[in-house]
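**Student:** First the structure, which I've put down as structure tokens, then a few questions once you've had a look.
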Amino acid sequence: MKTIFRLLLLFFLPLVLASCGDKKESAQSCSIQLDEQKYSTVAENENCSNYERGSAYLGQAGMSFANFLKTGATDNLTKTLGISKLSVATDYTTGNRGYVTKALCLVGSNTILTSSRCNGSSRSRSNDEIEISMFANIADLIYISYGVLDTDSNGTVSSTETNAFSSTSGVTSSGGGTSLSAYSRYEVVAGSTTYISNSDMSKCVTYTDNYTVNPNTGSNCAAKAVTDGVTITELRPIFKLDNMTDITGGGTLSDRIAMVSELTSVSTALDGDFSALGISTTNSLRKSLSAGLSKLDNGAIAKNSGTCTAATAFDLLYLLVKNPADNSSTSTELKSKNLLSLSDLTSSVDSSLIAATVSGLAMIKARLIYATNRPATTYTDSYEKAESSLYTAMKNTNSIGSESSSVKGDGKVTFRELICIAEN
């Protein structure tokens, strides 16, 4: 953390050597006023360059070397940067984030400059303004995360605060947080022909438009395949999903999606600034610049390279919802929906879900069906027809999405990294 602020000093010092006409105080240049921490004077002076005005706005936002020399400054970023609570991540003006916004609307990436945040400005920044943009994006990522998550403004994001934003409590690799159980039925694959069978394949019916049909009215699977002139090559155990934890903790989904969208937007802009300045992901300078984001840009791992339980729990839930059939899925499309790797299901979700072995037939994938009522007695292939709370949990988790390639210190902050803040 302290390294980045030593670099901030090196960043502000060259401004002392810069020259800028100043109509308000002609005896002093813009750069000298910056050195004297007269941030508001420089920020309001349109005769100063955007580079200098952007620096001044960041000074007003707390991103100054002098501010981080104060005792305990790096221990409480909420206090040091004057971070105010944000009701939503798209609140660009509350507290000192307003100054960050003004800096970005002067020197930010073209994507930010042309957005509604900057009233659709079409101005393109110059190359010498990218440095300021980089620091503004770092400040913005910190402000978004602590402004939304640090609800008591004590400078620490606790597990209670992250759980209020994203509930992974109770979700475990042994199936906790979900109600998943064997259906005692298989999908039997024989080329383009598909059957639904009972547990010992003594009864099979041909698939037409759903996988919840009772196969006991059918005939022996092997005999049926011979009659149909097909060869059975694969079995897919079918599992029932009766319930699932809502990853949003019952909160407003739009707020969660807005948070993820903002993190993605700002992280992408920061990544672009790094690249424009020739700072690669392996560059020591980039790692130093990203040090201030270490709690946020954590690679979805816990402190000291430990396992982040929140990310593990989220990955578990997302695995169950990333490819669901919905009400519009045709009978042909349904064949490729609701499928997941059997090894992923048993190793990552519930190790007790070991399907019965059927000699000589591969079991690579598993199929899910969803409860339509509670307690569960009937099932459906469409998650949109699932019991209301199960449908909501699946919809919310799928809407947030997953970024599995979270890399520590790459300048990007993903949702998986966000929910690991409390474990860093």
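The values are calculated or read from the model by the stated rules, or taken from the named source; none is laboratory data. Here the structure is a predicted model, which means the values were calculated and not measured. Don't worry about glycine lacking a Cβ; one is built from the backbone with ideal geometry, like all the others, and counts go over all protein chains shown.
**Student:** If you scan region 223-243, which residues turn out to be surrounded by 18 or more Cβ atoms within 10 Å (Cβ to Cβ), not in a strand (DSSP E or B) and not basic (Lys, Arg)?
**Tutor:** Ala225, Ile232
**Student:** Let me confirm something: among Lys322, Lys335, which residue is at pLDDT 95 or above, surrounded by 12 or more Cβ atoms within 10 Å (Cβ to Cβ) and out of contact with any Gly (no Cβ under 7 Å at 6 or more places or on another chain)?
**Tutor:** Values: Lys322 fails: at pLDDT 95 or above.
Only one candidate passes the filter, namely Lys335.
**Student:** Considering every residue within region 213-220, establish whether at least one is under 30 Å from Met394 (Cβ atoms) and assigned to a loop (DSSP other than H, G, I, E, B). It would help to see each step written out before you state the result.
**Tutor:** Filtering region 213-220 for residues under 30 Å from Met394 (Cβ atoms) gives 213-216.
Filter once more, so that each one left must be assigned to a loop (DSSP other than H, G, I, E, B): 213-214.
Yes; the residues of region 213-220 include at least one that is under 30 Å from Met394 (Cβ atoms) and assigned to a loop (DSSP other than H, G, I, E, B).
**Student:** Something else: Filter region 301-347 down to residues that are part of a loop (DSSP other than H, G, I, E, B) and of a type outside the set (S, T, N, Q) and give me whichever is farthest from Val213 (Cα to Cα). Outline the logic, then answer.
**Tutor:** Just the residues of region 301-347 that are part of a loop (DSSP other than H, G, I, E, B), to begin with: 308, 322-324, 326-330, 335-338.
Right, trim to of a type outside the set (S, T, N, Q) and you get 308, 322, 324, 326, 335, 337.
Values: Cys308: 40, Lys322: 24, Pro324: 18, Asp326: 18, Lys335: 14, Lys337: 17 Å.
Filtering region 301-347 for residues that are part of a loop (DSSP other than H, G, I, E, B) and of a type outside the set (S, T, N, Q), the one farthest from Val213 (Cα to Cα) comes out as Cys308.
**Student:** Taking interchain pairs and intrachain pairs at least six residues apart, which have beta carbon atoms under 9 angstrom, with the first residue in region 216-245 and assigned by TED's automatic domain parsing to the domain that holds Ile364 and the second assigned to a loop (DSSP other than H, G, I, E, B) and among the acidic types (Asp, Glu)?
**Tutor:** Asp242/Glu387; Asn243/Glu387
**Student:** Continuing with the same structure: Go through the residues of region 65-84 one by one and say whether even a single one is under 23 Å from Thr414 (Cα atoms), assigned to a loop (DSSP other than H, G, I, E, B) and modelled with pLDDT under 90.
**Tutor:** Yes: one or more hits.
**Student:** Just the residues that are crowded, with 17+ Cβ neighbours inside 10 Å, modelled with pLDDT under 80 and either of a type in the set (Val, Ile, Thr) or within 20 Å of the chain's Cα centre (by Cα) (or both), please, taken from region 274-290.
**Tutor:** If the condition is that a residue be crowded, with 17+ Cβ neighbours inside 10 Å, modelled with pLDDT under 80 and either of a type in the set (Val, Ile, Thr) or within 20 Å of the chain's Cα centre (by Cα) (or both), then Ser290 is the only one that fits.
**Student:** Considering region 195-216 alone, what residues qualify as being crowded, with 17+ Cβ neighbours inside 10 Å and either among the aliphatic types (A, V, I, L, M) or closer than 15 Å to Glu234 by Cβ (or both)?
**Tutor:** Just the residues of region 195-216 that are crowded, with 17+ Cβ neighbours inside 10 Å, to begin with: 195-198, 201, 203-205, 207, 211, 215.
Correct list: Tyr195, Ile196, Ser197, Met201, Cys204, Val205, Tyr207, Tyr211.
**Student:** Any residue in region 319-332 that is without any contact (Cβ under 8 Å) to a residue 60 or more places away in the chain and under 24 Å from Ser343 (Cα atoms) sitting within a Cβ distance under 9 Å of a residue that is of a type outside the set (Lys, Arg) and assigned to a helix (DSSP H, G or I)? List the pairs, counting only those 6 or more apart or interchain.
**Tutor:** From region 319-332, the pairs are Leu319/Asp344; Leu319/Leu345; Leu319/Ser348; Leu319/Val349; Ala325/Glu333; Ala325/Leu334; Ala325/Tyr383; Ala325/Glu384.
**Student:** Filter region 46-62 down to the residues that are more than 22 Å from Leu141 (Cα to Cα) and touching a residue at least 24 places away in the same chain (Cβ under 8 Å) and list them by number.
**Tutor:** Taking region 46-62 first, the residues more than 22 Å from Leu141 (Cα to Cα) are 46-49.
Residues satisfying the conditions are Asn47, Cys48, Ser49.
**Student:** Would you please list the contacts, defined by Cβ atoms under 8 Å and residues six or more apart or on different chains, that run from a residue in region 338-364 that is among the hydroxyl-bearing types (Ser, Thr, Tyr) and modelled with pLDDT of 65 or more to a residue that is surrounded by 13 or more Cβ atoms within 10 Å (Cβ to Cβ) and not in a loop (DSSP other than H, G, I, E, B)?
**Tutor:** Listed by first residue and then by second, the contacts come to Ser341/Lys365; Ser341/Ala366; Ser348/Asp315; Ser348/Leu316; Ser348/Leu319.
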